[in-house]
Structure formats: structure tokens, C-alpha cells
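The values are calculated or read from the model by the stated rules, or taken from the named source; none is laboratory data. Owing to the predicted nature of the structure, the values given are computational and were not obtained by experimental measurement. Every residue, glycine among them, receives a Cβ derived from its backbone with ideal geometry; neighbour counts consider all protein chains shown. SASA here: full protein model, heavy atoms, side chains in, ligands and nucleic acids out. Shrake-Rupley method; radii C 1.70, N 1.55, O 1.52, S 1.80 Å.
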Amino acid sequence: MTITPQELELLMEEVEKEDPIDFADLPFDEHDLRGLISNHLCEMAEAMENFSEEDKHLTLLAVAAKLVLENMVLNIQLLRRHGVPLSVSTDALLSRLRKRDDDPPG
């Protein structure tokens, strides 16, 4: 599947209609940021041209997982910095992780 950076930007904007990104007071134009990211991802996809389909899927899944994790960490840090309580679902997830870390192995 081939996609141009411009087509990817349009898809990004379509996805953002359901879950908008808060660019807040960043000193960058959001269209320019989308362009930067879509170009980067299209270059990455092109670099995987010789990968098997399975390797492409695994690579993209790993990249998506890393970005979701990074996004979650940054959001938690931001909320804590501003003294905003975590959502119930996020707090429950982190509580489960803390409990698992406290349980003895085995």
C-alpha cells in the first residue's frame, strides 16, 4: 500500500475529528507539525519496502505501542505537574500495575 504524505495528513485530520489534539500554546503551526510527521512516517514506510508483510506489521505495531506509551507518560507527567487528578480509568490501571509490582514473584 502506498500513501503520500498529503494523503496521510488528510487521514490524520479525519481521525482528529473524533479525538482532537490539543496543540495548546505550542509555537508551531499544527499543519506544519502534521506535515513533518506524515513525511517522516512515509519515509519510514518506504524504508520498510523490502520487509516481509509480517515484519512490516510488527514494526508498525511496535512503533504505535511506543508512541501510545510515550503519550500516556507525558500526559500523566503533565497532569501531576498541574495537580490535576488522573481519570478513574487511568488511576485504576496504574493501581493494578503497582499491585502487580508489590506481589511476590511466583
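Skip the ligands, DNA and RNA, and give the accessible area per residue of the chain with a 1.4 Å probe, whole Å². Mind dumping the intermediate values first?
Values: 9140 Å² over 106 residues.
On a per-residue basis, 86 Å².
When averaged across all projection directions, what area in nm² does the alpha-carbon convex hull of the chain cover?
For the chain, the mean projected area of the Cα convex hull comes to 10.2 nm².
Multiply the residue separation of residue 63 and residue 23 by 0.36 nm, subtract the distance between their alpha-carbon atoms, and state the gained length in nm to one decimal. Working shown, then result.
On the way: separation 40, 0.36 × 40 = 14.40 nm, distance 2.17 nm.
Here the answer is 12.2 nm.
Considering the options 76, 36, 64, tell which one lies farthest towards the positive end of the dipole of the chain, charges being +1 on Lys and Arg and -1 on Asp and Glu at the Cβ, about the Cα centre.
76
Using +1 on the beta carbon of Lys and Arg, -1 on that of Asp and Glu, and nothing else charged, what's the dipole of the chain about the Cα centre, debye to 20?
Dipole about the Cα centre, nearest 20: 820 debye.
In terms of the Cα gyration tensor, with a ≥ b ≥ c the square roots of its eigenvalues, is the stretch 1-42 rounded because a/c is under 1.5, prolate because a/b exceeds b/c, or oblate? Display every interim value, and only then the final one.
On the way: a/c = 3.14, a/b = 1.45, b/c = 2.16.
Cα axes put the stretch 1-42 in the oblate bin.
Please check: in the Gaussian network model of the chain (C-alpha springs, under 10 Å), which one of 17, 56, 66 has the largest mean-square fluctuation.
17
Report the residue, chosen from 18, 53, 30, that carries the largest GNM mean-square fluctuation when the chain is represented by alpha-carbon nodes joined by springs under 10 Å.
Among 18, 53, 30, the largest mean-square fluctuation in the Gaussian network model of the chain belongs to 18.
Subtracting the Cα-Cα distance from 0.36 nm times the residue separation, let me have the gained length for residue 75 to residue 96 in nm, one decimal.
5.7 nm
Choose one answer from 61, 41, 26: the residue with the largest mean-square fluctuation in a GNM of the chain with alpha-carbon springs under 10 Å.
Ranking 61, 41, 26 by mean-square fluctuation puts 26 first.
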